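One structure is given below, encoded as structure tokens.
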Amino acid sequence: MYMPRVTDTILQNRLTVSGAVLIRGAKGCGKTETALQAAGSIARMDTDDIVRLQMELDPRMVLAGDTPRVIDEWQEYPEIWNFVRHEVDERKQKGQFILTGSSSVHNAARLHSGAGRFSIVDMRPMSLAERGWSTGEVSMESVMQGDIPRSRELPFRLETLIEQIVLGGWPGLIDADAVTGLQFSRDYISLTAEADINKASGKTRDPMKVRRLLQSLARNIATEASLATLVKDVNGSDGFLTDETAADYIQALERLRILEQLPAWSTHIRGSSTLRKSPKRFFVDPSLAVGALGLSIEKLGKDLQYLGFLFESLVIRDLRIYAELHGGNVFHYRDSSGLEVDAVIEYPDGRWAAFEVKMGMRAQETAAANLLTFAQRVDQSRIGPPAALCIITANGFAYQRKDGINVIPLGVLTT
């Protein structure tokens, strides 16, 4: 049974304004199934022998079919991009094609720009709300409108949180247990290191080096670790990975949509502090960090500090999904004084909100002080006051503190 996705609404909206829509996302996040909910027909570029023959004879035959026509795994035959572009120009109609793929073509210079013809939709694994693990009592939109959040108390067990992180948002694991989830993420990382990265980069890569880089990225998840730091971590005393090679690997992982940058928020601030501009790096789903390090459920339960970083990654994944429905973007903030804010959401209409992520209740006072200092430091005469200041937790209930800061468990949040 298909479980509705946030991307469903975004896709329907984009089909009304563009001739073709490209859905990008990591392998296994559900792109094809979501595309099929809106499709009139489909061409499977990776498995259909008839499609392969049509590509040899006349690629335009692949485009014939009821619309919207899904061109699944289009990157198997990158030349289809330009044929779609020309067909959109000739038909002069909206909603003709949906292209899906788990990687971007490495030699994209061969492809003509799709500007004016293509709309791009980024899809991620399922959020807690899509997965059915959120009560949905507090909507992101209501928070961004300044409403006071309210919810019942959320039952909490550490084991449940670990299970949610280990299983992640992969549609193929809906009915799976945590042990199956651990094996899935380990296999995912192995296939990435041994095969997928070669397709994304157009070169044969050393699986051992890729795996060690993935492990370093997992150890440094939710941080601003520099390329030099990652390389030093990977090399140890061996010195076998160069900065240039590591940068190429990271770029390929980003093409595969496995790795995502969380850019620094650039805004006007008061005082002498300067903004730090380094991005943070996150796996598209925290389960992949668990798989890269080969962690067990027992190890996660004993290392609460690292579990906190994974929880932050879980929150960032969901905030991105919820914000994207409304055209919002997610950033992080850090300045030269050391003040940090885990997430800032900015909407196209100028509304913005700041979020601190704290797995436990004890750290709320520190998080609240951070948010209040941050709000004072931002030049609100230029960008306006925040729509909300929020602390995202793993337990408790949603409410507004006396200082105006919202406390919201992730497990009650939705779009």
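With respect to (1) over 25 Å from residue 337 (Cα atoms); (2) loosely packed, with under 14 Cβ neighbours inside 10 Å, the lone exception for residue 285 is condition (2).
Residues of segment 171-200 that are within 11 Å of residue 290 (Cα to Cα) and open to solvent by 50 Å² or more (accessible area, probe 1.4 Å): 183, 184, 186.
When 60, 69, 14 are checked against the criterion of being farther than 29 Å from residue 181 by Cβ, out of contact with any helix residue (DSSP H, G or I) (no Cβ under 7 Å at 6 or more places or on another chain) and modelled with pLDDT of 95 or more, 14 stands alone in meeting it. Within segment 232-248, is even one residue of a type outside the set (S, T, N, Q) and within 18 Å of the chain's Cα centre (by Cα)? Checking segment 232-248: not a single residue is of a type outside the set (S, T, N, Q) and within 18 Å of the chain's Cα centre (by Cα). Look at segment 140-158: where a residue is touching a residue at least 60 places away in the same chain (Cβ under 8 Å) and a partner is of a type in the set (Lys, Arg), sitting 6+ places away or on another chain with Cβ atoms under 8 Å, you get 144/351.
Of all residues in segment 1-56, those being in a helix (DSSP H, G or I) and of a type in the set (D, E, K, R) number 7.
Restricting attention to segment 113-138, and to residues there that are farther than 28 Å from residue 100 by Cα and of a type outside the set (S, T, N, Q), which single residue is most open to solvent (accessible area, probe 1.4 Å)? Restricting to residues being farther than 28 Å from residue 100 by Cα and of a type outside the set (S, T, N, Q), the top hit is 137. Condition check for residue 411 on (1) without any contact (Cβ under 8 Å) to a residue 60 or more places away in the chain; (2) of a type in the set (Gly, Ala, Ser); (3) crowded, with 20+ Cβ neighbours inside 10 Å: one failure, at (1). Of the set (1) touching a strand residue (DSSP E or B) at 6+ places or on another chain (Cβ under 7 Å); (2) farther than 23 Å from residue 29 by Cα, all apply to residue 246 but (1). Taking the stated definitions as given, is residue 84 open to solvent by 10 Å² or more (accessible area, probe 1.4 Å) and touching a residue at least 60 places away in the same chain (Cβ under 8 Å)? Judged against the criteria, residue 84 is not a match. Condition check: open to solvent by less than 40 Å² (accessible area, probe 1.4 Å), touching a Phe, Trp or Tyr at 6+ places or on another chain (Cβ under 9 Å) and modelled with pLDDT under 95. Does residue 371 satisfy that? No: the conditions fail for residue 371. In segment 377-406, the residues that are free of Cβ contacts under 8 Å to residues at least 40 places away in the same chain and at positive phi never reach a residue that is in a strand (DSSP E or B) and among the charged types (D, E, K, R) with C-beta atoms less than 8 angstrom apart, at least six apart or across chains.
Results for (1) within 20 Å of residue 290 (Cα to Cα); (2) touching a His at 6+ places or on another chain (Cβ under 6 Å), shown as yes or no for each residue.
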{"site": "202", "(1), (2)": "no, yes"}
{"site": "206", "(1), (2)": "no, no"}
{"site": "210", "(1), (2)": "yes, no"}
{"site": "213", "(1), (2)": "yes, no"}
{"site": "216", "(1), (2)": "yes, no"}
{"site": "223", "(1), (2)": "yes, no"}
{"site": "228", "(1), (2)": "no, no"}
{"site": "246", "(1), (2)": "no, no"}
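Regarding segment 192-205, can at least one residue be identified that is under 26 Å from residue 33 (Cα atoms), among the charged types (D, E, K, R) and at pLDDT below 90? There is at least one residue in segment 192-205 that is under 26 Å from residue 33 (Cα atoms), among the charged types (D, E, K, R) and at pLDDT below 90. Among the residues making up segment 295-334, a single one is closer than 13 Å to residue 166 by Cα, of a type in the set (S, T, N, Q) and assigned to a helix (DSSP H, G or I): 313. Within segment 139-170, the set of residues being open to solvent by less than 60 Å² (accessible area, probe 1.4 Å), out of contact with any Gly (no Cβ under 8 Å at 6 or more places or on another chain) and closer than 14 Å to residue 394 by Cα comprises 151, 160, 161, 164, 165.
The values are calculated or read from the model by the stated rules, or taken from the named source; none is laboratory data. Every value quoted in this text rests on a predicted model; they were computed, and no experiment measured them. Reconstructed Cβ throughout: ideal geometry from the backbone, glycine too, with neighbour counts over all protein chains shown. We work out accessible area using only protein heavy atoms, side chains counted, and drop any ligands, DNA or RNA first. Shrake-Rupley method; radii C 1.70, N 1.55, O 1.52, S 1.80 Å.
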